[in-house]
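Presented below is the structure to which this report refers.
The values are calculated or read from the model by the stated rules, or taken from the named source; none is laboratory data. Here the structure is a predicted model, which means the values were calculated and not measured. Methodologically, a virtual Cβ is constructed for each residue, glycine included, from the backbone with ideal geometry; neighbour enumeration extends over all protein chains shown. Side chains are part of the model used for accessible areas, which takes the heavy atoms of the whole protein and leaves out ligands, DNA and RNA. Shrake-Rupley method; radii C 1.70, N 1.55, O 1.52, S 1.80 Å.
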Amino acid sequence: MRFRAFLSYSHADAAWARWLLRRLETYRVPSHLVGTQGTHGVIERRLGSFFLDRDELPSAGDLGETIRAALAASDALVVLCSPAAAGSRWVNAEIEAFQDSGRGDRVLCFVVGGEPGASDPAQACFPPMLLRPAANGARVHEPLAADARPEGDGRQRAFLKLVAGLLGVGYDALAQREAQRRMRRMAIVSVASTAGMALALGLAATAYVARNDAQRRQAQAEDILGFMLGDLREKLATVGRLDLMRAVDDKATGYFAALDPRDISDRALEEQARSLAGIGQVRLEGGDHDAAMAAFREAHARSTLLHARAPDSGQRLFDLAQAEFWIGYVALQQGRSEDAGRWLRRYRDSAVRLAAMDRDNSDWQREVAYGHHNLAVLDEAQGRPDEAERALEQELALYRGWLRERPHDTALRAEAANVASWLGTLADRRGALLDAETFQAEQVDGMRRNMADEPDVAEWRVQHLDALLLLAQVQTRRGRWEEARASLAVAAPRAAALARQDPHNQSWQVTLGVTRLLQARLAQASGMAGAAALASDALAIVSRAQRAEPESDRVLHLLATTHSLKAQLALARGDAAAARTHVQDAAALLEPAWRKEHNERLRLLLACNLDLAAEAADMASDDEGARAASLRARDLLLADAGDAPPFDRLDTLVRSLHRLGQDAQARPHVQRLDAAGYVPSRPWPWRDDALATRP
C-alpha cells in the first residue's frame, strides 16, 4: 500500500496529528488542478492515504519493521514540529531513515508549538535531524515550514501551505481557489436556504437539512473542543492555570453529557473518550474526586460502546482498560477498597486479554504487569504484605528481563524503579531495613539516570524527588542521619519549587508537606533545632491540602501523622495541654475513618495516637485516662498478630506495654527492633535500661 505521506509526531502532539489526519484525508483538490502536472506527478481528486502510527500500528508485531516499511511506502514525510518533537528520539529516527533513502527534499514541516529559530533549547521546535549538515558539508539553514501557531500562519493557512507542498503547486493559486470555493459554498448555502424557505418542500426535506446542519454544527463544536482540550489545555498546563483548565473541562463535560453516544461516529466517540479521560486526570490533580470519577465513568461508557462495536480491536480494548484502571484508582484514593478491587481486577483481566492479542507488542505485555502491580498495592493497603511482596518480586523480575533487552528505554526504567520502590516500602514494614534502603536507592539511581538521558522531561525530576523522600525516610529509621539529611537537601528545594510553580496541583502541595514532615522528623531524631518550625510548616501545608481534597485517604493519613508529630514535640518540651490538643485533632480524623473501614495503615496511626494520648494523660497525672488509652493501643496492635506482630507495629506496641508495666512481654519486640537496626525517632520511655538489649 502506498501513502501520500508519513506523519511523524511526538505523542505529546497526538491531538494535532489526529486533526491534521482528518483534514488531509477529507480534503478535495480544486477541480481546476485535477489532472494537471504538479512537481511530484499528476494531481488527483484526493490526496490519498496517510500513515499515522497510532492508527496503523496496533496490529503490527514488529514495530521497527512496520515503521521502516511505511516510510519506504510514503511519497513524503510530514513532521509535526514542536519542542516535544525536537526532543523525541523516535521522530528524529524517522526523519533520519527518510532522509537516508535519498528523499530529503520531500520532508515537509508543520509547526504546532515552540519557536522556529529560538535560541532557548526548550523552545526549539525543529528536530535535530532536520538541521544536520548536508553530505557535502554545506551550511544548514532552518527548513521552511507551515506554521500553524496563531502568531504564525494560523491553522487554515498553514494547512493549505502543507497541501501545496504535497501537491507540488504554488500556494497562492491554491489559497485563491480555496477562497473562491468558500465564497461559492456560502452562495450555494444562501441560495439553497432561500429556495428551501420559498418552496417549503415538506417535512422530509426540512428534516434532512436540519440533520445535516446538526452534523455540521457538531463537527464544528468538536473541532473547537479538540483545540480546547488539546492545544489550549497544554498551554494552560504549562503556565499552571488549572483554574482555567477546569472551566474549559466544565464546558466540554456539559457538551458531551448532552449527546447520545449511540448517535455519534466511532472517531468522534474515540475523541470524546480520550478527552474525558484527560478531564478526569485534571480533576484528580486538583483534588476533586467526584468530578474525576464522573469523567472517568463517561469515558468508560464510550469506550465500552466502542469495544462492543469492534471487539477484535486491540486499541479499543486498550482504551477500555484505561478507563477501568482510572475508576479503580479513584476508588482506592477514596478508601473504597471493595470497589477499587472490583475495577482493578477488571483492568487486570482486560490487560491479560489485550496481551494475548499480540505477544510481540511490548506495550500490551506491560499492561499485564501494571494490572498485577495495582492489585499488589491493594493487598498492601489491606494488610496482606506477603501476597503483595510476592507479586511485586515477580513483576520486578519481568522488568529486569525487559531492561536487559532495552537498557536505554527510560519509560521502562522508570516503571522498574517504581516496582523496586514498592518492594523497599514492604521491606521497611517487615523490618528488613537494609533491603529497604537498597531498593529505595535503586529507584533514586534509576530516576537519576533518566534525568541524565532526558534532561527536558519534567516527569523524571518529579519521580526523582519522590524517590529521595522514600530513601530519606528509611535512612532516618536506620539512624543514618547524615545520609538522610543529604537526601532531603536535594529534595526540599525541588519540592518547594514545584509547589510554587502550580499552587493548584494538590499532588505537589502534598509532596511539599511530606518533605517538611520528614525534615521535622529527622531534626527530632538527630537532636537538631528547628523540628517544631518544620512541623508547623508541614501542618499548615497539609491542612490546606485536606481542605482542597477532603476525600483523599492519603491526605487524611498525612494530616493525622503531622498532628501526632506535633504532639510528640509538645510532650518533649513538657506541654501536656498542647499535646492533648493535637492528639484530639488526630483522633477526630482517625476515629471516623476507622469506624468506616479497618486497614493496617489506620490501625498504626490510631494506635500511635492512643499511645501519645496515654503519655499526655500520664504527664497530666490522669492515671485512669493513661491506662485506658494504653490498653486500647495494645489491643489494637495485638489483634490478628499471632506470636509475631508485624514489624511496623512494634515501636508503638513496646511503648504501650511498658506503660502498662508489661516489660517482659515487650522485651522480645525490642530485640526484633534492635536486630533490624531500627533507631526510634524519639527516645524510648524507660529510663533504667530495663528493656535495653544492646551491650
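Hey, could you grab the Kirkwood Rh for segment 630-669? Inverse mean 1/r over distinct alpha carbon pairs, Å, one decimal.
Values: mean 1/r = 0.1017 Å⁻¹.
Evaluated over segment 630-669, this radius sits at 9.8 Å.
Karplus-derived 3J(HN,Hα) values for segment 536-541, using 6.51 cos²θ - 1.76 cosθ + 1.60 with θ = phi - 60°, are 5, 4, 4, 4, 5, 5 Hz; glycine and proline are entered as x. Computed in the context of the full set of protein chains, the accessible area of segment 374-531 at 1.4 Å probe radius has 53% of its extent on carbon or sulfur. Computed from the Kirkwood radius of its Cα pairs, the Stokes-Einstein diffusion coefficient for segment 606-695 at 20 °C and 1.002 mPa s stands at 162 µm²/s.
Compute the accessible area per residue over segment 545-643, keeping the other protein chains in place, probe 1.4 Å, unit Å². It would help to have the intermediate numbers written out before the result.
Details: 4480 Å² over 99 residues.
Accessible area per residue: 45 Å².
Could you look at segment 307-349 and say what percent of its accessible area is carbon and sulfur, using a 1.4 Å probe and all protein chains? All intermediate terms of the calculation are to be shown ahead of the outcome.
Values: 830 of 1760 Å².
After summing per-atom areas, the C and S share lands at 47 percent.
If you average 1/r over every pair of different alpha-carbon atoms in segment 418-483 and take one over that average, what Kirkwood value in Å do you get? All intermediate terms of the calculation are to be shown ahead of the outcome.
On the way: mean 1/r = 0.0846 Å⁻¹.
Every distinct Cα pair counted, the radius reaches 11.8 Å.
How many angstrom separate the Cα center of segment 544-566 from the Cα center of segment 313-347? Between the Cα centre of segment 544-566 and that of segment 313-347, the gap is 25 Å. Remark on C109: its backbone amide H falls under 5 Å from those of V79, A146, a criterion applied only to residues 5 or more positions apart or on other chains, H modelled at 1.01 Å from N. Scoring 304-316, 108-120 by mean Cβ neighbours within 10 Å over their residues and listing the highest first yields 108-120, 304-316. Measuring only protein heavy atoms, the 1.4 Å probe finds D339 accessible over about 50 Å². Per the Kirkwood formula applied to alpha carbons, segment 401-518 shows a radius of gyration over Rh ratio, Rg over Rh, of 0.98. Computed with a 1.4 Å probe over protein heavy atoms only, the accessible surface of segment 365-493 comes to 43 Å² per residue.
Between amide H atoms placed 1.01 Å from N, distances below 5 Å from G38 occur with I43, all of them 5 or more places distant or on a separate chain.
Each peptide in 272-281, 342-351 receives the mean, over its residues, of other Cβ atoms within 10 Å, and ordering these scores from highest gives 272-281, 342-351. If you model segment 516-602 as an ellipsoid using its alpha carbon gyration tensor, with each semi-axis the square root of five times an eigenvalue, the axes come out at 23, 15, 11 Å, biggest first.
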